[in-house]
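Notes follow once the structure below has been shown.
The values are calculated or read from the model by the stated rules, or taken from the named source; none is laboratory data. Remember, predicted model here, so these are calculated numbers, not experimental data. Glycine also receives a Cβ, built like all others from the backbone with ideal geometry; neighbour counts cover every protein chain displayed.
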Amino acid sequence: MAVNPVVIVLSRSGEATGHSIARALNCAVHGRKDRVENADAFFDNALEHMRDMFGAGVPVIGVCAAGILIRAVAPLLADKRSEPPVISVSDDGAMVVPLLGGHRGGNRLARQIASAAGGQAAVTTAGDVALGVALDEPPQGWRLENPDGAKGAMAALLSGAGAQVVGEAAVDATWLADLPQGDGVVMTASMKPVEARQTDGLVFRPLKLTLGVGCARNCPPEELAELVFGALAESNVAPAALAAIGTLDLKADEPAVLELARQLDVPLRLFTAAELEAEAPRLENASDVVFAEVGCHGVSEGAALALAGKTGQLHRPKTKTANATCAIGIASDVIVDLAGTARGKLSVVGIGPGQSSWRTPEASRLIADAEELVGYGLYIDLLGPLAAGKKRTDFPLGGEEDRCRYALEQAGTGKNVALICSGDAGIYAMGALVFELLDRDADAHGVSDAARRAEVVSAPGVSALQAAAARAGAPLGHDFCAISLSDLLTPREDIERRIQAAAEGDFVIAFYNPVSRRRRTLLAHARDVLLQHRPADTPVMLASSLGRPEEFVRYRTLAQLEVDEVDMLTVVLIGSSHSRLAQLGEGPRMYTPRGYGRKIDGDLS
């Protein structure tokens with residue numbers, strides 16, 4: 001489990017049990033508001049909150065009836081290989097039932113919880129019950145190379161077949177020792193390639209091998225891959241036995257290295273020149289040329305040894321091509337904790353207007369994975385319990401560049417950081433500024449080289465104009481545009497020119513940042529310009545604090561639009577000359593026809 005679980009407590013009777021579990025697992029307690037006294041975070045709606053956590057990939061431990069958890073996550077069930085564990089615990093801790101994710105850590109987690117709460121883990125997975133082992137969930141430090149074979153192998157064992165554990169690492173695969181003996185299912189525990197497998201056989205890899213690589217800038221990815229796969233083959237070891245790839249931190253963004261890590265599906269770990277130089281006494285091919293260039297006497301051998309640990313050694317010394325080097329290390333035992341640091345990551349996340357149901361699952365997962373949350377304080381607050389227990393760094397309005405620079409620099413240290421934006425991060429938010437800082441030269445107030453090497457991903461969100469349109473009906477049914485009326489960063493004359501162009505083009509217009517305390521005239525100017533090009537009764541929607549408890553939506557005509565009833569949290573949607581406001585069903589609905597009526601009437605050629 002990559003993400004820490006959360007303990008959800010619904011009543012005071014389960015509070016003590018919840019806190020004892022949280023202490024044992026070093027995780028947070030989320031409590032039902034007004035029903036739980038002490039918690040790290042509180043929520044109003046239990047089903048919605050459980051669904052949010054599950055959708056974000058967070059393992060859920062509910063101190064409540066199993067039925068509540070089932071009803072909460074049922075709409076999201078899709079793929080048992082990717083779903084996080086869901087565990088039900090009785091209020092007194094006597095019974096612990098893993099409902100989902102048994103083979104993704106749920107059964108193991110249930111046993112930990114039972115131990116902490118003094119209860120019993122009601123594990124129902126067939127293999128765990130009958131054989132005491134889950135073949136598709138080997139212990140840390142081991143990898144099942146062919147997980148698709150686990151179901152058939154387990155079925156064979158449950159039907160009475162015996163297991164034969166073979167391979168040079170069989171003696172280390174102690175968790176398989178209690179399986180019934182026989183020739184029915186062959187289980188190979190080995191670092192070596194396996195030429196042929198029985199249909200119901202399994203291959204377990206002890207993660208003892210490490211790979212160190214180095215390469216010139218913009219080395220062709222195929223050159224590095226060919227070198228590495230050739231070295232593995234010549235060393236008679238399987239790629240699946242690799243615990244990690246290591247290299248110099250200056251190569252954190254090297255395409256060839258990133259592509260290799262993707263192909264091998266193993267973690268990439270980074271080391272400073274000083275950390276690699278500490279391995280110099282153990283190198284077989286120390287190089288003064290390399291030292292003069294990057295500050296250590298060997299990158300590939302040094303990284304392989306650093307990952308293998310103090311008692312590890314080189315399994316294959318450095319081999320090289322014109323642009324790349326690689327070396328293979330071997331640890332004295334399976335590797336559980338990786339040395340070095342991960343490549344930093346900055347997720348630029350749009351959380352929508354505020355309510356969790358409008359936040360995408362991808363955004364929730366990126367936030368759950370992040371070590372630190374950065375943003376305007378109000379936006380982080382809108383995350384509610386999803387932000388609980390995480391480091392957060394708040395910046396005020398007006399501190400946008402400082403906010404983005406800080407987030408990038410933290411990612412440059414190897415952290416996983418989420419930059420929180422309302423709406424969509426790429427629409428009048430921080431996305432563009434992040435990439436602008438990355439594009440600037442360092443002497444033009446850009447960011448450090450380390451920050452430039454971090455991974456940057458963007459997650460889309462529901463924008464304010466989309467949320468407003470959904471509340472209205474379908475005002476964006478035909479061509480539309482968005483214009484920010486803030487002149488802090490855009491010259492007023494540019495804004496006025498865009499208003500004029502949109503008016504002449506008869507676009508539906510979404511006005512962002514319509515007013516501020518000192519800026520009160522641009523919205524009135526826009527209204528007056530638009531009145532020259534479209535009817536006075538053109539419908540206008542004013543939508544404030546969308547998706548929040550204080551949401552306020554009202555409709556006006558263009559002639560009735562008054563600046564004083566608009567604030568910074570309001571989106572102003574102004575229809576085109578074709579937009580309509582109709583009384584339909586439960587209330588007014590604003591829409592802009594695209595012309596289907598003319599098509600039906602035969603007016604279109």
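Brief remarks on what is shown
- Enumeration of residues in the range 469-501 that are of a type in the set (A, V, I, L, M), closer than 20 Å to Gln532 by Cα and exposed (fewer than 15 other Cβ atoms within 10 Å of the Cβ): Ala501
- Any hit, the range 238-245, residues being under 19 Å from Ala454 (Cα atoms) and hydrophobic (A, V, I, L, M, F, W, C): yes
- All conditions but one from (1) buried (at least 20 other Cβ atoms within 10 Å of the Cβ); (2) over 29 Å from Glu145 (Cβ atoms) apply to Glu275; the one that does not is (1).
- Test: residue in the range 449-467 that is crowded, with 17+ Cβ neighbours inside 10 Å, in contact (Cβ under 8 Å) with a residue 40 or more places away in the chain, among the β-branched types (Val, Ile, Thr) and in contact with a helix residue (DSSP H, G or I) (Cβ under 7 Å, 6 or more places away or on another chain): yes
- Within the range 1-26, considering residues that are in a loop (DSSP other than H, G, I, E, B) and in contact with a strand residue (DSSP E or B) (Cβ under 9 Å, 6 or more places away or on another chain), the one farthest from Asp92 (Cα to Cα): Asn4
- Long-range neighbours under 7 Å by Cβ, at least six apart or interchain, first residue assigned to a helix (DSSP H, G or I) within the range 339-363, second aromatic (Phe, Trp, Tyr) and at pLDDT 95 or above: none
- Among residues of the range 502-515 being touching a Ser or Thr at 6+ places or on another chain (Cβ under 7 Å) and in a loop (DSSP other than H, G, I, E, B), the one that is farthest from Gly384 (Cα to Cα) is Asp506.
- Count of the range 304-326 residues, restricted to those that are assigned to a strand (DSSP E or B) and either farther than 15 Å from Lys208 by Cβ or free of Cβ contacts under 8 Å to residues at least 12 places away in the same chain (or both), is 7.
- Residue pairs whose Cβ atoms lie under 8 Å apart, sitting 6 or more positions apart in sequence or on different chains, and linking a residue in the range 105-123 that is surrounded by fewer than 21 Cβ atoms within 10 Å (Cβ to Cβ) to a partner that is among the hydroxyl-bearing types (Ser, Thr, Tyr), are Ala116/Ser20; Gly119/Ser90.
- Sole residue being at pLDDT 85 or above and not assigned by TED's automatic domain parsing to the domain that holds Lys80, chosen from Ala170, Ala134, Ala150: Ala170
- For the range 246-272, a residue qualifies if it is surrounded by fewer than 18 Cβ atoms within 10 Å (Cβ to Cβ) and over 23 Å from Arg205 (Cβ atoms), and the qualifying residues are Asp253, Pro255, Thr272.
- When each of Ser11, Ser82, Ser20 is tested for being surrounded by fewer than 23 Cβ atoms within 10 Å (Cβ to Cβ) and under 29 Å from Asp136 (Cα atoms), the lone residue that passes is Ser82.
- Restricting the search to strands (runs of 3 or more DSSP E) fully inside the range 27-100 and requiring at least 3 residues that are in contact (Cβ under 8 Å) with a residue 60 or more places away in the chain and under 18 Å from Leu383 (Cβ atoms) gives 41-43.
- Residues (over 22 Å from Val571 (Cβ atoms), in a loop (DSSP other than H, G, I, E, B) and aliphatic (A, V, I, L, M)) located in the range 412-460: Val447, Ala454
Residue-wise test of (1) out of contact with any Cys (no Cβ under 6 Å at 6 or more places or on another chain); (2) closer than 30 Å to Leu346 by Cα; (3) in the same structural domain as Leu581 (by TED's automatic domain parsing).
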| position | (1), (2), (3) |
| --- | --- |
| His445 | yes, yes, no |
| Asp449 | yes, yes, no |
| Arg453 | yes, yes, no |
| Val456 | yes, yes, no |
| His478 | yes, no, yes |
| Ser486 | yes, yes, yes |
| Ala502 | no, no, yes |
| Gly505 | yes, no, yes |
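- For Pro396, the criteria (1) over 18 Å from the mean Cα position of the chain (by Cα); (2) surrounded by 18 or more Cβ atoms within 10 Å (Cβ to Cβ); (3) not aromatic (Phe, Trp, Tyr) hold in every case but one, which is (2).
- The numbered conditions (1) outside the structural domain of Leu260 (by TED's automatic domain parsing); (2) at pLDDT 95 or above; (3) assigned to a strand (DSSP E or B) are all true for Met191 except (3).
- Hits in the range 520-560 - residues which are under 17 Å from Arg580 (Cβ atoms) and either part of a loop (DSSP other than H, G, I, E, B) or free of Cβ contacts under 8 Å to residues at least 12 places away in the same chain (or both): Arg534, Pro535, Ala536, Asp537, Thr538
- Note on the range 205-264: residues that are closer than 17 Å to Glu301 by Cα and part of a strand (DSSP E or B) amount to 14.
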